[in-house]
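What follows is a set of notes on a single structure, which appears directly below.
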Amino acid sequence: MGKEESPQITRRVTRLSSSTAVTSNEVETEKITKPYKPTLNDFVFGGEQLSFNDLLSSFPARGNQIRELLRLLGPVNSPMLPLFVYGDPSTGKTSTILQIFRYLNRPFVYASCRTCYSLQILFESVLNQLLLHKKNAANGYSSTKRCIKPSDFVNFLREDLTSVIEKLRSLKKLGSNKSVGKPNGNMLYLIFDNLELIREWDKSSSALPFMFNLYDVLKMHEVGLIFISNTSPDTYYSNMGYTEHVPVYFPEYTEDDLRQILMRNQANRKLYSSFLDVVLRPFCRTTRRVDELSTAFSPLFRKYCEPLSDLASVPNEEMKRRLFSHFQPHIAPSLNEIFWVPSKSSTEAEINKDTRQKGSTRKSEVSDHFAQIDFHMSTSAKYLLISAFLASRNPATLDASLFDSTGGSDSRKRKRKASEKSMEQKEVAEQELLMKGPGTFPLERLLAIFQCITSAADSLDEEEHENDVLRVGGDCGLMSDVLLQLSSLCNANFIIKGGSCPLEGSTRYRSTVSEDLALKVARSLKFPLPNYLYRR
């Protein structure tokens, strides 16, 4: 019983300190008088030793990526080129890498650009971890070194990395780094997560070139760099002269992969499998993010199990039919409610809805009939589809006039009377554009049009109150998921990838949807597409 009562330590401890048998009074005294001092063991992930089979079973459909990362990391203390791990959000990039380091038991420093929202915070977070410094009330929650300039960060980083590597080497000479919980090797890895967010808080656009050149600037073979991003390397400029990073792609999960992931840790696997048979396919058409699906399925599974008195029962075919008939009316409303971006309170929305319905019942029925589409698509995907259609149909030179602050309505009033020669030239140019078909466009132009039309839809919603389902704007968070939606639209052949422009060096896209489909999607959003469409 003494062994069971002794480890009542609430703070984070190492295996060496927790293995010493102490009484509860000594623990309380130590907790009050002696704060926890980090050691070299804090550079490893910690926890129970992870086997290779456990690593593979923890991440279904990620066996190829795990083996590729292990091959690139190589044996202990082997130099490596910088890695660029990328893929759609919620595809297991960060979790897989951290668990790989847990399996290898190698020392690393992790910094996320989501929590470190400026260069100074990012620099000081890395330096604090290297110096084993913890912010607390005793030190006024301050960092060990104040670092603002990238040049200062390089000097401090090289100095601190040299010190840590020397300590790891001395630990290796003592022969004590082969036990569980001890750093394995004297090579240190720096992991930078959410790299794409640097663009949001770096107004000078100098942080990304600095991060990509960090390997060449440090010139330390004992240091490995790993960058994790939700966007592909094509979205970053590749003409900055840095060492080419080794890309590792995490594809989005398939329906079978999501089933394996969601089935893990379920008490009644057969019951949950029958539930996934009903909801997984329609929800996969909207999103394949594990975090969104798990959040959405939690209340739906409780609704699915309402007719059951015993949740441990194994459903037969008759029970499955009964559960499906009970649950079927809730599927379509849940698709619209779960992925819903509200703009105002529900009370205000209901008041506006009742006011509009009083004198326009017949008109709304006709418009709803023409606004129906044969498939379900998220709101951000609809706006992205419209943006791609406009980018393919409109000349790039007219973007400034069509997507101004007035929505392109006042620009046409300022046109002067054109001469006959200019009219002929215009007709020739229009015929050439018509023969060429939908044009290609870069990603930057697509995102710019997407930002403009979502802002225009936001202003229309405030003035006319025509859309009580959602309000699309820059603050709604739709831009954070636009690249995932672009990948989904490319997979569905709504948008196709064209060739790369030799001058720009970036991938170009082309919209394949017809004008009728684009107008139907626009009607479902109550978006005035003809106001932004260049008519030949």
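A single member of F153, F84, F101 is part of a helix (DSSP H, G or I), touching a strand residue (DSSP E or B) at 6+ places or on another chain (Cβ under 9 Å) and within 30 Å of T231 (Cα to Cα), and it is F101. Under the condition of being part of a helix (DSSP H, G or I) and open to solvent by 40 Å² or more (accessible area, probe 1.4 Å), the residues counted in segment 59-69 number 3. Scanning segment 38-58 for residues that are assigned to a helix (DSSP H, G or I), within 24 Å of K172 (Cα to Cα) and open to solvent by less than 20 Å² (accessible area, probe 1.4 Å) returns a single hit, F43. Residues that are surrounded by 13 or more Cβ atoms within 10 Å (Cβ to Cβ) and in a loop (DSSP other than H, G, I, E, B) within segment 239-248 comprise Y242, T243, H245, listed in sequence order.
Among the residues of this structure, S151 does not count as one that is open to solvent by less than 50 Å² (accessible area, probe 1.4 Å) and of a type in the set (G, A, S). The set of residues in segment 94-112 being farther than 18 Å from L168 by Cα and open to solvent by less than 10 Å² (accessible area, probe 1.4 Å) consists of T96, I97, I100, A111. Looking across P79, P75, P107, P60, one residue alone is without any contact (Cβ under 8 Å) to a residue 60 or more places away in the chain and of a type outside the set (A, V, I, L, M). It is P75. Screening V223 with (1) open to solvent by 50 Å² or more (accessible area, probe 1.4 Å); (2) of a type in the set (A, V, I, L, M, F, W, C); (3) within 30 Å of K172 (Cα to Cα) gives one miss only, at (1). Please verify whether S487 is within 23 Å of N194 (Cα to Cα) and either modelled with pLDDT of 85 or more or in a helix (DSSP H, G or I) (or both), treating the condition exactly as stated. Answer is yes for this residue.
Scoring T115 on the criteria (1) without any contact (Cβ under 8 Å) to a residue 60 or more places away in the chain; (2) open to solvent by 40 Å² or more (accessible area, probe 1.4 Å); (3) part of a loop (DSSP other than H, G, I, E, B); (4) farther than 29 Å from T231 by Cβ leaves a single failure, condition (4).
Considering segment 168-208, and only residues there that are surrounded by fewer than 16 Cβ atoms within 10 Å (Cβ to Cβ) and modelled with pLDDT of 80 or more, the residue that is nearest to I100 (Cα to Cα) turns out to be R169. Taking the numbered list (1) out of contact with any Asp or Glu (no Cβ under 6 Å at 6 or more places or on another chain); (2) open to solvent by 20 Å² or more (accessible area, probe 1.4 Å); (3) not hydrophobic (A, V, I, L, M, F, W, C) in turn, S90 passes all entries but (1). Taking first residues from segment 26-50 that are closer than 20 Å to M187 by Cα and partners that are modelled with pLDDT under 80 and not basic (K, R), the Cβ contacts under 6 Å between residues at least 6 apart in sequence or on separate chains come to N41/T14; N41/G181; Q49/V180.
The single condition among (1) part of a helix (DSSP H, G or I); (2) within 34 Å of the chain's Cα centre (by Cα) that K167 does not meet is (2).
The values are calculated or read from the model by the stated rules, or taken from the named source; none is laboratory data. Just so it is clear, the model here is predicted, and its values are computed rather than measured. Here the Cβ is made from the backbone with ideal geometry for all residues, glycine too, and neighbour counts use every protein chain on show. Side chains included, ligands, DNA and RNA excluded: accessible areas come from the protein's heavy atoms. Shrake-Rupley method; radii C 1.70, N 1.55, O 1.52, S 1.80 Å.
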